[in-house]
Amino acid sequence: MSAPLFLVEALPTTDTLTLDGPEGHHAATVQRLRVGEELLLADGRGGTAAAVVTAVGRGSLDLRVTSRGYADASVPRIVVVQGIAKGDRGELAVQAMTEAGVDEIVPWAASRSVTQWRGERGVRAREKWVATAREAAKQARRAWLPVVAGAPDEPTATVAARISGAAAGFVLHEEAEARLTTVELPPTGEIVLVVGPEGGIAPAELDAFRAAGGRPVRLGPAVLRTSTAGVAALSVLATRLARW
């Protein structure tokens, strides 16, 4: 089994350090790492450091760094605009997409979203997405932490502008003729992929995305839930872009 990964604000500049705070508590108390065991530190921006435990404290570990590394950011960059979903479906989508390698997630207040993120509720809901992405990145041993961008509920006009500025924009839609498995992909830049909420994408929204340069695509004959459509599409893109 690969060494567990813990996220830190900055990687150590020396060969020894103490891992404390929430990550130290998780490593020492929850995962119960012991002297001699190995772990990985990551700053979420590509930098990594392998380390071995030299001492265990109360909610902390003393570490000795054994090697350092850096993972280049993936090119092209994949951004998923995720329609806000009810219940825990949005968090499930964020978790799965993070594990599948998404680079950025943008919450979208679609007209057919059952749940609306407004005020403090929206701030708390977005924070849950951020926390979910962080934990999923650790589970997947990702050197890059995906960004949960934008406001708690970006409007359609902002999403359309993001598509307009991207190297390619795709909108998952069950009635599309083009398939994500065969459309042309850009070698660089940013790919924006739009995933609708439970009720789907409204005609006016689809028109706005088309006008911005977005192309409707489908995955296959089955209609997927909003919590699984994004990760399925990411799997296709990761394979076609030779990430996998």
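The values are calculated or read from the model by the stated rules, or taken from the named source; none is laboratory data. Computed from a predicted model, the values in this text were never measured in an experiment. Reconstructed Cβ throughout: ideal geometry from the backbone, glycine too, with neighbour counts over all protein chains shown.
Some points to look at:
- Just one residue in the set ASP20, ASP88 is farther than 21 Å from GLN139 by Cβ and among the acidic types (Asp, Glu); that residue is ASP20.
- The residues of region 172-195 that are surrounded by 24 or more Cβ atoms within 10 Å (Cβ to Cβ) and over 16 Å from GLY220 (Cβ atoms), listed by number, are VAL192, VAL194.
- Answer from GLY122, GLY90 - the residue that is assigned to a helix (DSSP H, G or I), in contact (Cβ under 8 Å) with a residue 12 or more places away in the chain and touching an Asp or Glu at 6+ places or on another chain (Cβ under 6 Å): GLY122
- Going through (1) surrounded by 21 or more Cβ atoms within 10 Å (Cβ to Cβ); (2) charged (D, E, K, R); (3) free of Cβ contacts under 8 Å to residues at least 12 places away in the same chain one by one, GLU205 falls short only on (3).
- Residues that are of a type in the set (Lys, Arg) and either free of Cβ contacts under 8 Å to residues at least 40 places away in the same chain or outside the structural domain of GLY214 (by TED's automatic domain parsing) (or both) were ranked within region 125-159; the one that is surrounded by the fewest Cβ atoms within 10 Å (Cβ to Cβ) is LYS128.
- The criterion of at least 2 residues that are loosely packed, with under 14 Cβ neighbours inside 10 Å, among the small types (Gly, Ala, Ser) and out of contact with any Gly (no Cβ under 6 Å at 6 or more places or on another chain) is met, among strands (runs of 3 or more DSSP E) falling completely within region 1-65, by 47-57.
- Test result for VAL79, within 26 Å of the chain's Cα centre (by Cα) and under 30 Å from ARG240 (Cα atoms): yes
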